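Okay, so here's the structure we're looking at.
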Amino acid sequence: MTIMCVREQCQYDRNGVCNNECLINPVYIKLAQIAYDAVLQTMQEGEQTHPLDEWQDVSIGDHIGHAFDHIEKYSLGISTAEDHIAHCLTRLAMARYLEAEQAGKGKGNEISQETGSY
């Protein structure tokens, strides 16, 4: 796995060492991987019950509201079949994606469908 630092455009390997001998905290890499895995799994599970890409038609505010619902349920100890932290992360990632798409419209900054990056 290669991690790209957006600040310095350095490439870091799995141990957090870049080809320019920079260091990145390995905990950050692990944190990002945990978040990535949670969002990916939640999205794949969601495809079973929701039409593909239906989430893109939901407003950013609604995604954030749903994220708050998951935080509240987690905080109150309300147990459901859903992993509230994973669903909260996913809703916030959806909101972030839509925000980036809206900001990029007409500027050539759309997220690439091939790579998933800007």
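Just to be sure I understand the model, the point goes 7 Å from the Cα along the line to the Cβ. What's the resulting residue 56 to residue 96 distance in nm?
1.9
Once the piece of chain linking residue 47 and residue 85 is laid out straight, how much longer is it, given 0.36 nm per residue of separation minus the C-alpha distance between them?
Numbers: separation 38, 0.36 × 38 = 13.68 nm, distance 1.84 nm.
Stretched fully, the residue 47-residue 85 segment lengthens by 11.8 nm.
Coordinate-derived values only; no laboratory data. Just so we're clear, the structure is a prediction, and the values are computed from it rather than from any experiment. Positions of Cβ are backbone-derived with ideal geometry, glycine not excepted, and every protein chain shown enters the neighbour counts.
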